[in-house]
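The values are calculated or read from the model by the stated rules, or taken from the named source; none is laboratory data. This one's a predicted model, so the numbers in the text were calculated from it and none came from an experiment. Note that we place each Cβ from the backbone using ideal geometry, even for glycine, and neighbour counts take in every protein chain shown. We work out accessible area using only protein heavy atoms, side chains counted, and drop any ligands, DNA or RNA first. Shrake-Rupley method; radii C 1.70, N 1.55, O 1.52, S 1.80 Å.
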Amino acid sequence: MKKITVSAPGKLMLFGEHAVVYGHPCIVTAVDQRMFVTVEKNSSGMFVLNAPEVEVSNYTKPIENLGVGQIPKGAKFIEIALGNLISKYNLKPAGLKVITRSEFSSKFGFGSSSASTVCLVKAISELFSLKLSQRQIFDISYKTVLDVQGKGSGFDVAAAIYGGTIYFKKFGSEIVPLKISDLNLIVGYSGIKADTVSLIDSVTKRFKGLEELKDEMLKAIGKIVDDARVALENQDFAKLGSLMNINQGLLEALGVSIEKLDNMNSASVASGAYGAKLSGAGGGDCMIALSSKEMRKKVENAIVSVGGKILSVKTNAQGVRIEK
Ligand code: MEV
């Protein structure tokens, strides 16, 4: 029976997290650790999912019941995406087996849910000859993310589709690939799992009655992103570092950083990085530091000395692609 494997990259937010949820821009880069999804047609009448990295083993449901009843947490994105595709494109699959495999832990905050959603959509597009454009893949994948978690800007979906480094704004109405060379970025993992939706909600709660102040702070982050775009294109690393530190300061003021991340950032800057900040929702996951090649080892050691773990990742990775 016809079978296809698709892969998509994980992502790292460089600038603009949280502000992007309110329509401001962000800059995100795709990383060279990928999610793989294999989809196989059969005639069982069933949807079967194996996703070992999120502890889903032989989860089975009749195709006509997709999206109905209880769905295990680890199966939600794949099942809802498939249901969305079937209803939008009036597909009549006789049976489908889906297997996922990840090169990175879902704990890192690299966007495993978005990457697997994008892979599934691309794989179904190929299997059923739908010839979906990148924009159509974005629209149905982003709808799936909103169906599952209710909130999110869609930047991670765009990174998984387009790859490279992109300037992303207004829920995908502006997606601009940036022509930049690889960054000497150091990624430190805090060892703490963060929950994006509760961190978005925590900002709303913290600024209750202070909404205008919050809006001004988010606008300032948007300005940092626009300046960072220019600095990135000019390879002005000193300026980029300053912008990272200022962005981090605003994230701390929004209340989404934590002591462990603060310590990892401070240690990086104190040991010679141009700048450092948390990457993603905050509350845990990863931080990033930008350094020169010469200072790299020293900065890495400093991050480790305060309890961080260095993850080896390259930026600017290729977007979603068919593997075989
Ligand atoms: C999470 O990685 C980044 C946020 O801006 C959420 C989003 O943009 O969907 C906090």
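Matching residues to (1) farther than 19 Å from Cys26 by Cβ; (2) surrounded by fewer than 22 Cβ atoms within 10 Å (Cβ to Cβ); (3) small (Gly, Ala, Ser):
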position: Gly150; (1), (2), (3): yes, yes, yes
position: Gly164; (1), (2), (3): no, yes, yes
position: Leu185; (1), (2), (3): no, yes, no
position: Gly188; (1), (2), (3): yes, no, yes
position: Lys205; (1), (2), (3): yes, yes, no
position: Lys208; (1), (2), (3): yes, yes, no
key: Residue list for the stretch 70-91, restricted to those being at pLDDT 95 or above, more than 23 Å from Leu199 (Cα to Cα) and not hydrophobic (A, V, I, L, M, F, W, C)   = Glu79, Gly83, Asn84, Ser87, Lys88, Tyr89, Asn90
message = Taking the criterion of being away from the ligand (no atom under 16 Å from the Cβ) and either in contact with a Phe, Trp or Tyr (Cβ under 9 Å, 6 or more places away or on another chain) or of a type outside the set (D, E, K, R) (or both), would at least one residue in the stretch 141-160 satisfy it?
response = no
Count - residues of the stretch 63-79 that are open to solvent by less than 60 Å² (accessible area, probe 1.4 Å) and within 26 Å of the chain's Cα centre (by Cα) = 9
task = Scan the stretch 248-267 residue by residue and report those that are within 16 Å of the ligand (Cβ to nearest atom), open to solvent by 20 Å² or more (accessible area, probe 1.4 Å) and on the phi < 0 side of the Ramachandran plot.
result = Leu250, Glu252, Ala253, Ser257, Ile258
query = Taking the stated definitions as given, is Thr204 of a type in the set (S, T, N, Q) and within 30 Å of Gln134 (Cα to Cα)?
reply = no
ask   = Can you tell which of Lys193, Lys219 is open to solvent by 40 Å² or more (accessible area, probe 1.4 Å) and at pLDDT 95 or above?
value = Lys219
request  = May I ask you to list pairs of residues, at least six apart or on different chains, whose Cβ atoms are under 6 Å apart, with the first in the stretch 12-38 being more than 12 Å from Phe171 (Cα to Cα) and assigned to a strand (DSSP E or B) and the second being within 12 Å of the ligand (Cβ to nearest atom) and among the charged types (D, E, K, R)?
outcome  = Val28/Lys11; Ala30/Lys11
request  = Give Ser43, Ser57 a once-over and let me know the one that is hydroxyl-bearing (Ser, Thr, Tyr), closer than 30 Å to Leu311 by Cβ and exposed (fewer than 15 other Cβ atoms within 10 Å of the Cβ).
outcome  = Ser57
query = Among the residues of the stretch 166-183 satisfying the criterion of being open to solvent by less than 60 Å² (accessible area, probe 1.4 Å) and at pLDDT 95 or above, which is nearest to the ligand (Cβ to nearest atom)?
reply = Phe168
request  = With the condition kept exactly as written, say whether any residue in the stretch 46-54 is of a type in the set (Val, Ile, Thr), at pLDDT below 95, on the phi < 0 side of the Ramachandran plot and surrounded by fewer than 12 Cβ atoms within 10 Å (Cβ to Cβ).
outcome  = no
ask   = Which ones in the stretch 268-324 are part of a loop (DSSP other than H, G, I, E, B), more than 24 Å from Leu251 (Cβ to Cβ) and open to solvent by 40 Å² or more (accessible area, probe 1.4 Å)?
value = Lys293, Glu294, Ser312, Lys314, Glu323, Lys324
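One line per residue, one yes/no per condition, for (1) away from the ligand (no atom under 16 Å from the Cβ); (2) more than 25 Å from the chain's Cα centre (by Cα); (3) surrounded by fewer than 16 Cβ atoms within 10 Å (Cβ to Cβ):
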| residue | (1), (2), (3) |
| --- | --- |
| Lys61 | yes, yes, no |
| Ala81 | yes, no, no |
| Pro93 | yes, yes, no |
| Ser105 | no, no, yes |
request  = Scan (1) open to solvent by 10 Å² or more (accessible area, probe 1.4 Å); (2) within 16 Å of the ligand (Cβ to nearest atom) for the single condition Thr117 breaks and write down its number.
outcome  = (1)
